[in-house]
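Note sheet for the following structure.
Please treat every number below as a calculation from the coordinates, not as lab data. Note that the structure is predicted; figures quoted are calculated from it, not measured. Using ideal geometry, Cβ is built from the backbone for each residue, glycine included, and neighbour counts are taken over all protein chains shown.
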Amino acid sequence: MSDTTGTGAAPAPLGTGGPGPMVRAERVHKSFGLVEVLRGIDLEVRNGEVFCLVGPSGSGKSTFLRCINHLEKINAGRLWVDGDLVGYRQKGDKLYEMREREVARRRRDIGMVFQRFNLFPHMTALENVMEAPVQVKGKSRKAAREQAERLLERVGLADRMRNYPAQLSGGQQQRVAIARALAMEPKLMLFDEPTSALDPELVGEVLDVMRQLAEEGMTMIVVTHEMGFAREVGDSLVFMDAGMVVEAGSPREVLTNPQHERTRAFLSKVL
Ligand SMILES: Nc1ncnc2c1ncn2[C@@H]1O[C@H](COP(=O)(O)OP(=O)(O)OP(=O)(O)O)[C@@H](O)[C@H]1O
Ligand SMILES: [Mg+2]
């Protein structure tokens, strides 16, 4: 089944930063042991778009995001981010697996925000946002602090910079997590149910920050159950079930006029 390392006809390179899509998946398969979790995902995320991914629990949404930044290795198919094959280097028509170092370097260009904020508990909001630019990118502390202050202002936390995570609400912690991801100046942001661990009254402030990011032109893949957000802010929406794309289109189209019974059944539960 695997053709990831094969020499099948490779499409023309898409070109970094060029007009090609930010993410392209072709027949992406992923198994854990005998369980096939992704069963041939085909999709394309354009530069600058907000791409919403919805589907029932266990359908493979998080796994797919983890494949995009190579936290999981795909078993078959091809996956490109900004024109580069994820985890492989192409020479002529041969593919070579990348070293972990190189994988890690590519991963820096992709920001990820999880349901659980995973902030460092012993660091203030400011220190959390400064950490990776200083440690990973070698930025000076002064430059990293200035950048972190700007980012925390941007997510509405100018008055909370010196607070530790335990002194912040869930919504505030999630906004710090977004600022922390942005501090690496990513070209793509992945959000995995960023609001589903939050009390309902805190969801809006996080969605507002994401809406603002979208307006600024950030390319975003958002796994969410917030259909209002998907409809208002999303450019595309994909409904996944059992490791396959069941339906794709504009959020308005898919949400108001789903074509498949499985999509209708899912939407009737979350809308
Ligand atoms: N590391 C792993 N080892 C074994 N099975 C896994 C692993 N990660 C995920 N799975 C399985 O893969 C399937 C898809 O999981 P995934 O987390 O991608 O679903 P999801 O769509 O994100 O679901 P949810 O909405 O609950 O977050 C599940 O059946 C899960 O148990
Ligand atoms: Mg998930």
- [ ] Would you calculate the separation in nanometres between label points at Ala158 and Leu71, each defined as 7 Å from the Cα along the Cα-to-beta-carbon direction?
- [x] 3.3
Open item on the list: Under a Cβ-only charge scheme (Lys and Arg +1, Asp and Glu -1), can you give me the dipole magnitude of the chain about the Cα centre, in debye to the nearest 20?
Closed with: 900
Task: Gain on full stretching of the segment that runs from His122 to Ser169 - 0.36 nm per residue minus C-alpha separation - done: 15.3 nm
Task: Local electrostatic count at Gln212 - Lys and Arg +1, Asp and Glu -1, tallied over other residues with Cβ under 15 Å - done: -2
Open item on the list: Per residue of the range 254-259, what does 6.51 cos²θ - 1.76 cosθ + 1.60 with θ = phi - 60° give for ³J(HN,Hα)? Whole Hz please, x for Gly and Pro, Karplus curve as stated.
Closed with: 5, 6, 8, 9, x, 8
- [ ] Calculate the length of the line joining the C-alpha centroid of the range 91-163 to that of the range 193-232, in whole Å.
- [x] 20
Task: Theoretical gain in end-to-end length, Arg141 to Glu44 [0.36 nm per residue, Cα-Cα removed] - done: 31.1 nm
Task: Mean Cβ count within 10 Å, highest first, over the residues of peptides 154-162, 175-183 - done: 175-183, 154-162
- [ ] Can you tell me the dipole magnitude for the range 208-259 around its Cα centre, using point charges on the Cβ only (Lys, Arg +1; Asp, Glu -1), in Debye to the nearest 20?
- [x] 80
- [ ] Given a cut-off of 29 Å, name the pairs among Lys73/Lys142; Lys94/Lys187; Lys30/Lys137; Lys94/Lys139 whose C-alpha atoms lie farther apart than that in the structure shown.
- [x] Lys73/Lys142; Lys30/Lys137; Lys94/Lys139
TODO: Within 10 Å of each residue's Cβ, count the other Cβ atoms and sort Ser57, Ser196 from fewest upward.
DONE: Ser57, Ser196
- [ ] For the range 207-271, build the charge dipole from Cβ charges (+1 Lys, Arg; -1 Asp, Glu) around the Cα centre, then report which of Leu207, Met227, Leu267 sits farthest towards its positive end.
- [x] Leu267
- [ ] May I ask you to evaluate 6.51 cos²θ - 1.76 cosθ + 1.60, the Karplus curve with θ = phi - 60°, for each residue of the range 46-57 and list the ³J(HN,Hα) values in order in whole Hz, giving x for glycine and proline?
- [x] 6, 4, x, 9, 9, 10, 9, 10, 10, x, x, 4
- [ ] Starting from the Cα of Gln115, step 7 Å along the direction of its Cβ; do the same at Glu215; then give the gap between the two resulting points in nm.
- [x] 3.0
Task: the chain, helix-only ellipticity at 222 nm - DSSP H runs n ≥ 4, -39,500 (n - 2.57), divided by all residues, nearest 500 - done: -10000 deg cm²/dmol
Task: Electrostatic dipole magnitude of the range 79-200 [Cβ: Lys, Arg +1; Asp, Glu -1; Cα centre; debye, to 20] - done: 500
Open item on the list: Run the numbers for Ala197 and Glu185: contour at 0.36 nm per residue of separation, minus the present Cα-Cα distance, in nm.
Closed with: 1.8 nm
Task: Length-normalised contact order for the range 29-107 - Cα pairs under 8 Å, 6+ apart - percent - done: 23
